[in-house]
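Notes to accompany the following structure.
Just so it is clear, none of the values below were taken in a lab; they were calculated from the coordinates. Keep in mind that what you see is a predicted model, and the values were worked out from it rather than measured. Here the Cβ is made from the backbone with ideal geometry for all residues, glycine too, and neighbour counts use every protein chain on show.
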């Protein structure tokens, strides 16, 4: 009876995010099984990770809870507000009169130029691309989008030298892959959805494939092997002075 029995409990991790056009399919809804580890990287609890998409609406009668959903009791709540575009986008919008959305992205036309300035191109996650009718395209702010936009702009510039009119930019969605832990990942490629170890291996292969240069691929692969064998983890630190209520001085 002297043995200490530790009981593995079931932990639930719930992600709630806005559902917008262009959101990866695996992030809109889905479940992933995983484990929670302690400071020694030893599995302590099995976890059920659920990803749900909401419309962002709030019901004032329920105290500000998401509309159409009961109150969720949770031990730990983390709010994430997303990211803002580079300040260059707002500067371009102010200088050219182009619209800037609340995420700080400047609006560009279907040829990725600023309105009224065909000589100015803007690409990447600092822009919001609109079609010929002015409707936003909601392209994902990931590296493949910027890479396709960069190749498109190069073709447009070369075409202008030859007097050719450019076709509107069209984003080719090659799928979505994301790793969520050791041997855990999710993948959605052309309607084929995978999760677990197979998706994790696919993530590694795709990531290495898109790296530039053999040397970069070898170095990254070696680092991954060392990290996997030693169970290394990167720094996850949030530092700074705790601000009191009403204290707006920078920390």
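Just need log10 I(q)/I(0) for segment 87-161 at q = 0.12, 0.15, 0.26 Å⁻¹, Debye formula, equal scatterers on the alpha-carbon atoms, no solvent, rounded to two decimals.
-0.29, -0.45, -1.32
Compute the relative contact order of segment 87-161 as a whole-number percentage, counting only Cα pairs closer than 8 Å that sit 6 or more residues apart in sequence.
Values: 103 pairs, mean separation 16.0, N = 75.
That works out to 21 percent.
If each residue's Cβ is checked for other Cβ atoms within 10 Å, how do 96, 113, 230 rank with the fewest at the top? Write out the running numbers ahead of the final one.
Details: 96 16, 113 19, 230 9.
Going from sparsest to densest Cβ surroundings: 230, 96, 113.
In what order do 184, 174 fall by count of nearby beta-carbon atoms within 10 Å, going from fewest to most? Spell out each step's value before the answer.
Numbers: 184 19, 174 11.
Going from sparsest to densest Cβ surroundings: 174, 184.
Counting other beta carbons within 10 Å of each residue's own, what order do 200, 224, 79 fall into, fewest first? Don't skip to the end; give the middle numbers.
Numbers: 200 21, 224 14, 79 4.
Final ranking by Cβ density, sparse to dense: 79, 224, 200.
How far, in nm, would the chain grow between residue 135 and residue 172 when pulled straight, counting 0.36 nm per residue and subtracting the alpha carbon separation?
Values: separation 37, 0.36 × 37 = 13.32 nm, distance 1.78 nm.
Stretched fully, the residue 135-residue 172 segment lengthens by 11.5 nm.
Just subtract the alpha-carbon distance of residue 206 and residue 73 from 0.36 nm times their residue separation and send over the number in nm, one decimal. Could you put the intermediate results ahead of the total?
Values: separation 133, 0.36 × 133 = 47.88 nm, distance 3.82 nm.
Residue separation times 0.36 nm, minus the Cα-Cα distance, leaves 44.1 nm.
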